[in-house]
Amino acid sequence: MHMNLNHFEATVLFALFASAVLGVVSKSTDKERLRYGLRSFGYFAATVFGLGWLMYLGHR
Amino acid sequence: MSDKVVTQFPPLPPVSRWIAPVVVAWLVPGGGHFMLKQHYRGAILSASVLIMFVLGLAMRGYMFEPMSGDLLTTLIYTGGFIADMSAGVFYFMAKWFGYAAPDIAGHTVDYGTKFLVGAGLLNILAIVDAFEIASGRKQ
């Protein structure tokens, strides 16, 4: 089996699983864990979009 | 002068109380949480680490071997080896069954390497969490 992911797919998958683990291990109640996991995923996604645009504009 | 001592953390409980969950958490990602009756958290941790590790293998990620040389090489290869090995039984099975891919250039292989390292690092977080639960510092 060989898998080819593009950069966006790889970063989204990485962000998804990293956020899930960060949410599970960080807070003390389930509600807080869910919120932290979602917030963490949002930060990952925002960073990917921000750096993506920065690199795109930097190479124009 | 006051003789009151303020400690940031409670004293470390006996090793026998937390060593088993910590070792199980390392060998079987999520296993420490299952042992501590944190089933759904263990399931999420186990699934996350396993899927990331399998994705890393599927992308032919490189598994680091300890290597010495200049400081940066030593740091990267030894650190990468420790992170890879932190995935526990997944790492050992992949090695034993010959899934360790050679280090070749390419962006997909590079993503795979990061996924393998990331799976191990996430399991280190799970191990620390299992330790804190077992030692009574966290619920």
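The values are calculated or read from the model by the stated rules, or taken from the named source; none is laboratory data. All of these numbers come straight from a predicted model, not from anything done at the bench. Backbone-built Cβ (ideal geometry, glycine too); neighbour counts: all protein chains shown. Each accessible area value is taken on the protein alone, full model and side chains, heavy atoms only, with ligands, DNA and RNA left out. Shrake-Rupley method; radii C 1.70, N 1.55, O 1.52, S 1.80 Å.
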Residue by residue through the range A:6-37, note down the ones that are in a helix (DSSP H, G or I), open to solvent by 60 Å² or more (accessible area, probe 1.4 Å) and either touching a His at 6+ places or on another chain (Cβ under 9 Å) or farther than 15 Å from residue B:48 by Cβ (or both). A:7, A:8, A:9, A:30, A:31, A:32, A:35
Yes/no for residue B:138 being at pLDDT below 90, closer than 25 Å to residue B:30 by Cβ and facing chain A (nearest Cβ under 10 Å): yes
Give the number of residues within the range B:123-138 that are β-branched (Val, Ile, Thr) and in contact with a helix residue (DSSP H, G or I) (Cβ under 7 Å, 6 or more places away or on another chain). 1
Could you grab me the full set of residues in the range B:93-119 that are free of Cβ contacts under 8 Å to residues at least 40 places away in the same chain and either within 14 Å of residue B:49 (Cβ to Cβ) or facing another protein chain (nearest Cβ under 8 Å) (or both)? B:93, B:107
Looking at the range B:92-135, which of its residues are of a type in the set (Phe, Trp, Tyr) and outside any loop (DSSP other than H, G, I, E, B)? B:92, B:96, B:111, B:115, B:131
Of the conditions (1) within 10 Å of the chain's Cα centre (by Cα); (2) more than 8 Å from chain B (Cβ to nearest Cβ); (3) open to solvent by less than 50 Å² (accessible area, probe 1.4 Å), residue A:43 fails just one. Which one is it? (3)
On the given criteria, is residue B:37 without any contact (Cβ under 8 Å) to a residue 24 or more places away in the chain and either open to solvent by 80 Å² or more (accessible area, probe 1.4 Å) or under 19 Å from residue A:18 (Cβ atoms) (or both)? yes
Quick test for you: out of B:91, B:77, pick the one residue that is open to solvent by less than 80 Å² (accessible area, probe 1.4 Å) and over 22 Å from residue B:22 (Cβ atoms). B:77
Given (1) out of contact with any strand residue (DSSP E or B) (no Cβ under 6 Å at 6 or more places or on another chain); (2) in a helix (DSSP H, G or I), where does residue B:138 come up short, assuming only one miss? (2)
